[in-house]
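Participant: Dumping the structure here so I can ask a few things about it.
Here, each number is a calculation from the coordinates, and none is a lab measurement. Everything numeric here is computed off the predicted structure, so don't read it as measured data. No Cβ is skipped: glycine too gets one built from the backbone with ideal geometry, and neighbour counts run over all protein chains shown.
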Amino acid sequence: LIALRAAGFSFKEIVRPLLCCAIILSVILVIMGNWLTPRSYKQFLNRRNEARSKITKVNLEPKTFLNLGEWDLYLEDLDTKTNVAHMIHLIKKADSGALSTKVNAATGKVILTDTAIGLQLKDGQMQRLDEKDQSSIIAANFDDYTMSISLLKAHTRRLRVGEMSTTKLLRRLRAMPLDEETANEYKTSISMRNVLALSPIILLFVSCPIGFSLGKRTNKGWGMLFSVIIIFSFYLLMTLGLSLGKKYALVAYPGPWLPIFVGLGAAYYLWKKRLNI
């Protein structure tokens, strides 16, 4: 503002385009903060979860025990051209670490894909512990047996507030019985998204009367100082309101709006003082 005033622009010539830009920016931030950003964040977390749950490096090496999550695979030898292996051993352990299932086969085909390992076993035997009587073993011989071992570990994750759109948060607040802490987090998150979206307009209304009250020859360093103070005060008040909203259900919605209320009051006082002058 100081630089524009020094260049000879009038009050209306400066404020009008700045206000238009602030309104456009706020509309964009409302759309992004409430819908687009949560959706993108959710997609990112889903991709990261898939990457973490997938066994990315699988080398079928003969005479080596290969860990495949629940199963351990051993191949005596393997023809990489035909995928035919001999003396195939599969071991599955229970959660306690004890042997749960064992599969042995004289020959078979081993087919590796991005998401699973397919096994076409011939002439073998399966042994597993009886679920009812852990001291008993159930055994069966087979001529042909086909099985698949997934390379994706079963993993469920809890949805984060940041990956849910405002519409979804409101639906959850209405439909689901939530504890007070979770409900407060949802409400403060909804408010904070819109507070951040309105920040350009509020900061403009507070900054304009201060910028125009300074002389044209005022050092630009003062303008930078006032800018830092205004922005710091805005985020300090927002943090205070956010903390109060998460702690007390009564102010969960209005708490994060504290910098907006204070900003409107400060802007009203500064503009009134300037117009009176």
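Participant: For the Cα atoms of the chain, what angle does the longest principal axis make with the long axis of helix 166-175, in degrees from 0 to 90, nearest 10?
Facilitator: Approximately 70 degrees, to the nearest ten.
Participant: Return the calculated 222 nm mean residue ellipticity for the chain, to the nearest 500 deg cm²/dmol, obtained by summing -39500 (n - 2.57) across DSSP H runs with n ≥ 4 and dividing by the residue count.
Facilitator: Only helices count here, giving -16500 deg cm²/dmol.
Participant: Amide H of Leu151: which non-local residues (sequence gap of 5 or more, or other chain) have their own amide H closer than 5 Å, using H built in the peptide plane?
Facilitator: Ala116, Ile117
Participant: Within the chain, which is the longest segment that contains none of the trypsin sites (Lys or Arg not before Pro) sitting in a DSSP loop with at most 16 other Cβ atoms within 10 Å?
Facilitator: 218-277
Participant: Next question. What is the sum of charges around Thr64, taking Lys and Arg as +1, Asp and Glu as -1, for the other residues whose C-beta is under 12 Å from the C-beta of Thr64?
Facilitator: -3
Participant: Greater than 19 Å separation of Cα atoms is the criterion. Which listed pairs, Lys93/Lys153; Lys54/Lys102; Lys54/Lys109; Lys57/Lys122; Lys12/Lys272, meet it?
Facilitator: In this structure, Lys54/Lys102; Lys54/Lys109; Lys57/Lys122 lie more than 19 Å apart at Cα.
Participant: Would you mind giving the average projected area, over all directions, of the Cα convex hull of the stretch 88-223 in nm² with one decimal?
Facilitator: 18.5 nm²
Participant: Within the chain, what's the longest run with no chymotrypsin sites (Phe, Trp or Tyr not before Pro) in a DSSP loop and at most 15 other beta-carbon atoms within 10 Å? Give the range, please.
Facilitator: Of all site-free stretches, the longest is 66-247.
Participant: If you fit an axis through the alpha-carbon atoms of helix 11-31 and take the longest principal axis of the Cα set of the chain, what angle between them do you get, 0 to 90°, nearest 10?
Facilitator: With both axes taken from Cα atoms, the answer is about 20 degrees.
Participant: Right, another one. For the chain, take the convex hull of the Cα atoms, compute a quarter of its surface area, and give me that in nm², please.
Facilitator: 24.9 nm²
Participant: In addition: Mind telling me which of Ser227, Ser135, Ser100 comes out most flexible in a GNM of the chain, alpha-carbon contacts under 10 Å?
Facilitator: Taking springs between Cα atoms under 10 Å, the residue moving most is Ser135.
Participant: Taking 8 Å as the Cα distance limit and 6 or more residues as the minimum spacing, I'd like the relative contact order of the chain as a percentage.
Facilitator: 19 percent
Participant: If one takes the longest principal axis of the Cα atoms in the chain, at what angle in degrees, from 0 to 90 and to the nearest 10, does the Cα axis of helix 220-247 lie?
Facilitator: 50 degrees
Participant: Using a simple spin-label model with points 7 Å from Cα along the Cα→Cβ vector, what separation in nm is obtained for Arg48 and Thr113?
Facilitator: For Arg48 paired with Thr113, the spin-label model returns 2.9 nm.
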